[in-house]
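Novice: Can you read through this structure? Questions will come right after.
The values are calculated or read from the model by the stated rules, or taken from the named source; none is laboratory data. Only a predicted model underlies this, so the values are computations on that prediction, with no experimental measurement involved. Cβ: placed from backbone, ideal geometry, glycine included. Neighbour counts: every protein chain shown. Areas reflect the complete protein model, heavy atoms only, side chains present, ligands, DNA and RNA absent. Shrake-Rupley method; radii C 1.70, N 1.55, O 1.52, S 1.80 Å.
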Amino acid sequence: MTDPARSASKRPKKTSPTAHHQRALNLALVGVDAAAVRSRPTDMAHCLAEVARCLMRLHDLRSADAFLARAIAWAGLIPSDAGQAARADLICLQADLACQAADRHDQQLDAAAEAGDDELPAAPEPRADRERARELALEAAMLAGRGADAMWEVKLLLRASDVLERCGEHDDAAAIQNRAMALMGLMQAEPSTVPSIPPSRDAMRVAGPSALM
C-alpha cells in the first residue's frame with residue numbers, strides 16, 4: 001500500500017512567483033551579457049528591455065528604469081522606422097513604470113499615515129513621477145505615427161492613453177484615445193488606404209510582449 005505522505009513528498013513543489021521572476025531575471029541578465037559580445041542595437045535593446053520587465057515584476061522600479069533608459073538608447077541606434085517604433089514602445093513602457101512609481105509612493109504615504117508615522121518614506125514625490133509619466137506617454141504617442149503598421153499604432157496609442165488616464169490627465173488621455181478610435185475607423189472604412197506592412201522584425205523583437213497588450 002502506498003504511503004500518502006511519501007507520495008506527497010514526491011510531488012513537485014510549487015515555485016513562488018518571486019522565485020520564478022528572479023530566475024527569469026537571471027536568465028535575462030545572461031542574455032544581456034551574450035548580446036554585449038556582438039553589441040547589435042536590436043539585440044541589446046531587446047535584452048535590456050527584458051531585464052527591465054523582469055525587474056518591474058519584482059517591483060524594483062528604480063533599477064528597471066535604469067535598464068529601460070539603456071534599452072531606449074540602444075533602440076535609437078536601430079536604423080529606419082524600426083528604431084523609432086522600438087523607442088516608442090519602450091518609452092511607453094517607461095511611462096507606465098513612472099506611473100507605477102507614483103502609485104507606490106501614494107501607497108507608502110497612506111500606510112505611514114495609518115500607522116501614525118511622522119517620518120514619510122524616502123521616495124520621489126508622486127507628482128513628479130506623474131508629470132514624468134505624462135511627458136513620456138505624450139512622447140510615445142507622438143512617435144507612434146512613425147510606425148509602419150496601423151494596428152500597432154492603435155495599440156500603442158491606447159497604452160499611452162491608459163497611462164495618462166491613471167495620471168489624472170483626462171483631457172490628454174481622451175485626445176489620444178480619440179486619435180486611436182479615428183485610426184480604427186479609417187482602417188474599417190478604407191482598409192486599402194492604411195499601410196498593411198507589418199513592423200519590421202527588429203521593431204517587434206525589441207517591443208516584446210508589451211506591444212501586444
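Novice: What pairs come up if the first residue lies in segment 131-143 and is more than 18 Å from G76 (Cα to Cα), the second is not in a helix (DSSP H, G or I), and their beta carbons are under 7 Å apart, counting only those six or more places apart or on different chains?
Specialist: Here the result reads A133/C167; R134/C167; R134/E169, each pair linking segment 131-143 to a residue that is not in a helix (DSSP H, G or I).
Novice: So how many residues does segment 45-88 have that are open to solvent by 50 Å² or more (accessible area, probe 1.4 Å) and not in a helix (DSSP H, G or I)?
Specialist: 4
Novice: Something else: Collect the residues in segment 162-207 that are open to solvent by 60 Å² or more (accessible area, probe 1.4 Å), modelled with pLDDT under 55 and within 28 Å of A75 (Cα to Cα), keeping them in residue-number order.
Specialist: P195, S196, I197, P198, R201, M204 - these are the residues of segment 162-207 that are open to solvent by 60 Å² or more (accessible area, probe 1.4 Å), modelled with pLDDT under 55 and within 28 Å of A75 (Cα to Cα).
Novice: Exactly one condition in (1) within 21 Å of A88 (Cα to Cα); (2) open to solvent by 80 Å² or more (accessible area, probe 1.4 Å) is false for V37; which is it?
Specialist: Every listed condition holds for V37 apart from (1).
Novice: Hey, could you check segment 131-161 for residues that are in a helix (DSSP H, G or I) and acidic (D, E) and say which is most open to solvent (accessible area, probe 1.4 Å)?
Specialist: Of everything passing the filter in segment 131-161, E135 is most open to solvent (accessible area, probe 1.4 Å).
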